[in-house]
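The values are calculated or read from the model by the stated rules, or taken from the named source; none is laboratory data. On a predicted model such as this, the values are computed, not experimentally measured, just so you know. Here Cβ is always computed from backbone atoms with ideal geometry, including for glycine, and neighbour counts include all displayed protein chains. All accessible areas refer to the heavy atoms of the entire protein, side chains included, with ligands and DNA or RNA removed. Shrake-Rupley method; radii C 1.70, N 1.55, O 1.52, S 1.80 Å.
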Amino acid sequence: MDTSTDFLFLNERISTNFNPFYEVEYLVIQTYPREIGLRVSKRDFNYQSAKNYCELENMAHDYTSFGVRIFHEQKLWDIDFCGYPSKISKQQDWKISPEYLLA
């Protein structure tokens with residue numbers, strides 16, 4: 001007999017957490033407070049949509065900060081004002097790099 005948990009993969013909100021990230025996918029991630037891992041808040045292929053969501057999240061939270069990154073060449077990249085990869089982000093492999101903690 002099937003149970004309700006057997007069909008959780010049909011719920012988009014739950015299933016996207018387990019799907020791999022795709023090339024040039026924009027990720028809105030939690031960048032503050034500094035934790036061991038980073039939390040992805042939104043995945044989108046539209047830069048403007050991801051940017052708007054990030055701005056709303058930053059206005060809605062007092063003690064949390066969000067940023068938009070792009071998944072490119074199997075790494076997270078910072079983006080320029082047009083939405084293109086500019087430099088490799090300090091947050092990689094869901095761990096915070098030591099240089100980020102020194103700041």
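Which residues, counting only those in segment 61-77, are open to solvent by 50 Å² or more (accessible area, probe 1.4 Å), of a type outside the set (Phe, Trp, Tyr) and under 14 Å from residue 31 (Cα atoms)?
61, 62 - these are the residues of segment 61-77 that are open to solvent by 50 Å² or more (accessible area, probe 1.4 Å), of a type outside the set (Phe, Trp, Tyr) and under 14 Å from residue 31 (Cα atoms).
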Exercise. Tell me, which residue of segment 1-60 that is modelled with pLDDT of 80 or more, open to solvent by less than 80 Å² (accessible area, probe 1.4 Å) and among the hydroxyl-bearing types (Ser, Thr, Tyr) is farthest from residue 91 (Cα to Cα)?
Worked result: 49
Exercise. Exactly one of (1) at pLDDT below 85; (2) loosely packed, with under 12 Cβ neighbours inside 10 Å is unmet by residue 80. Its number?
Worked result: (1)
